[in-house]
Amino acid sequence: MTRYRRRFSRTERAFHWVNALAFFILLGTGLALYLPSLSILVARRPLMKDIHFWTGVGWIPALLLVAVLGDRGGLLRTARDLDGFDAYDVRWLRLGRPAPQGRFNAGQKVNASLNAALIVLFLVSGLLLWLGERDTRFRFASTVLLHDGVMYVALALLVGHMYLAVIHPATRHALRGITLGTVSEEWAQRHHPRWIDRGD
Amino acid sequence: MTDEMNDAPESPKRYGRGIFLVTVAGGVSSLAWGRSLWGRVSHSVSPIASELAPFLPKGGWRIYTVTGSLPTFDRVTWRLKIGGLVETPVSLSYDELRALPRANQISTFHCVTGWTVQNVRWGGVRLSDVFAHANPLSQAHALQFVSAEVPYVDYLTLGQSQLRDVMLAYEMDGKPLPQEHGAPLRLIIPEMYGYKNVKWLKGINLVGAAGDGYWEQLGYDRDAWVGRSNGYTSEQAPPPTPTASSYKGFVTR
């Protein structure tokens, strides 16, 4: 019988999926505003704009709410784990140099930091776009470029993330961890041996 | 590899927050350098961009509207109404408009938010031909352009409207003006930012003086010269200064 081990708490899973939901709402409404073909298809432009704006404004508060209502200490420990790169992580990042990984591998750590930064940049550039329509002092020539650029980077990260989480046979078992909370001992031993050794 | 928690060779480096801070700092500072960098590299990536064209905003265009939906065009009922300070109000059907002398031009479209579309091919009519039968009165010093997208209006002074490449466009890049670009007719004044280039045009009124258009009421400049307004300082040659100041330019008799 397969033995399972808990990888993500309910708070962590809620945090992930609230973030994913906000991202997909923003991506969908954003593309409807951005692509001419979609802007005709979806004629309700102001509604799209309202949903986009309020989802953007509510993004970080929604994540904070999950943290406040859930297991804050656990999230903080996870954040500290994601923040720290040890010698194994540095070696892992140099491709072709396999190194045993902890609960998160170095790629996941980089991805987490980048995504956190992208949320901030989305918010800053989005607010500047919104303010710029109301007050020309907030209008900069590069705001659109930043908002678009961040979108393309986020989209590229998303494609990689989805590939590893859903398609790639070796890694897609991880999806179980972020949905049900547990992963098989055997898979964890192969992909995250130092997490098993540490026994947390 | 026993007891790593306490006996780790060195404590982990806090690279995560480093990546976070560097990315945020780079992104925010790009507000200052992003556009000039893009201006330098955009033609070298344009082959890639044209490969991706079906998935990207067409040719760099962004569509802006201020109301619920894009106005629709009915060829049978559509009229362009010329009124205000004119001797003879005129109402042109779409076919009558198309029967007027045709003008073509290639000009660059600048949006005040920072994007630009180079070398757009416009087909349409010159204002002087549209006004040929309306006979503006001598007290008319400005034009009010009325969009079917209520309440969008904007104004040009007579002098501005007589710049050589000001036109009413019904074709864009060889095709009838698409709905999202203002079908069937929009104003084109390449010297000024896009918000002066009123889309879904349904009326032109001659008035005594230029007022504030839709975006000007929200703080944008009334004289929206590209590179010389809305906080921009020119990186390019200044636009031609309009000299004409009377209605006479419109009279073709």
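Checking the stated criteria, B:SER234 turns out not to satisfy the condition of being in contact with a helix residue (DSSP H, G or I) (Cβ under 6 Å, 6 or more places away or on another chain), of a type in the set (Ser, Thr, Tyr), part of a loop (DSSP other than H, G, I, E, B) and modelled with pLDDT under 95. Does A:ARG137 fit the bill of being crowded, with 17+ Cβ neighbours inside 10 Å and modelled with pLDDT under 85? No. Figure legend. Inter-residue proximity from the range B:63-87: first residues within 14 Å of chain A (Cβ to nearest Cβ), second residues of a type in the set (Lys, Arg) and not in a loop (DSSP other than H, G, I, E, B), beta-carbon distance below 9 Å, spacing 6+ or different chains. Indicated pairs: B:ILE63/A:ARG45; B:THR65/A:ARG45; B:THR67/A:ARG45; B:GLY68/A:ARG45; B:SER69/A:ARG45; B:LEU70/A:ARG45; B:PRO71/B:LYS202.
You will find that of B:TRP200, B:TRP215, the residue that is assigned by TED's automatic domain parsing to the domain that holds B:ILE106, surrounded by 16 or more Cβ atoms within 10 Å (Cβ to Cβ) and modelled with pLDDT of 95 or more is B:TRP200 and no other. Take A:ALA79 and decide whether it is under 23 Å from A:ARG176 (Cα atoms), of a type outside the set (S, T, N, Q) and more than 14 Å from chain B (Cβ to nearest Cβ). Against the criterion (under 23 Å from A:ARG176 (Cα atoms), of a type outside the set (S, T, N, Q) and more than 14 Å from chain B (Cβ to nearest Cβ)), A:ALA79 does not qualify.
Taken over the range A:131-160, the residue count meeting the criterion of being at the interface with chain B (Cβ under 7 Å from one of its Cβ atoms) and of a type in the set (A, V, I, L, M) is 5.
Per the listing A:LEU118, A:LEU175, A:LEU158, the residue uniquely free of Cβ contacts under 8 Å to residues at least 40 places away in the same chain and closer than 18 Å to A:LEU27 by Cα is A:LEU118. Listed conditions (1) in contact with a strand residue (DSSP E or B) (Cβ under 6 Å, 6 or more places away or on another chain); (2) over 22 Å from B:PRO71 (Cα atoms); (3) surrounded by fewer than 21 Cβ atoms within 10 Å (Cβ to Cβ) are all met by B:SER161, apart from (3). Of everything in the range A:119-129 that is more than 7 Å from chain B (Cβ to nearest Cβ) and surrounded by 17 or more Cβ atoms within 10 Å (Cβ to Cβ), the residue that is nearest to A:ALA22 (Cα to Cα) is A:ILE119. When each of A:ARG45, A:ARG91, A:ARG13 is tested for being within 14 Å of another protein chain (Cβ to nearest Cβ) and buried (at least 18 other Cβ atoms within 10 Å of the Cβ), the lone residue that passes is A:ARG45. Quick check, is B:TYR193 within 14 Å of chain A (Cβ to nearest Cβ) and out of contact with any Pro (no Cβ under 6 Å at 6 or more places or on another chain)? The answer is yes for B:TYR193. Quick one: in the range A:178-200, of everything that is free of Cβ contacts under 8 Å to residues at least 40 places away in the same chain and more than 12 Å from chain B (Cβ to nearest Cβ), which residue is farthest from A:PHE104 (Cα to Cα)? The selected residue is A:LEU180.
The values are calculated or read from the model by the stated rules, or taken from the named source; none is laboratory data. A quick note: this is a predicted structure, and the numbers were derived from the prediction, not measured. When we count neighbours, we look across all protein chains shown, and the Cβ atoms used for this are built from the backbone with ideal geometry, even at glycine.
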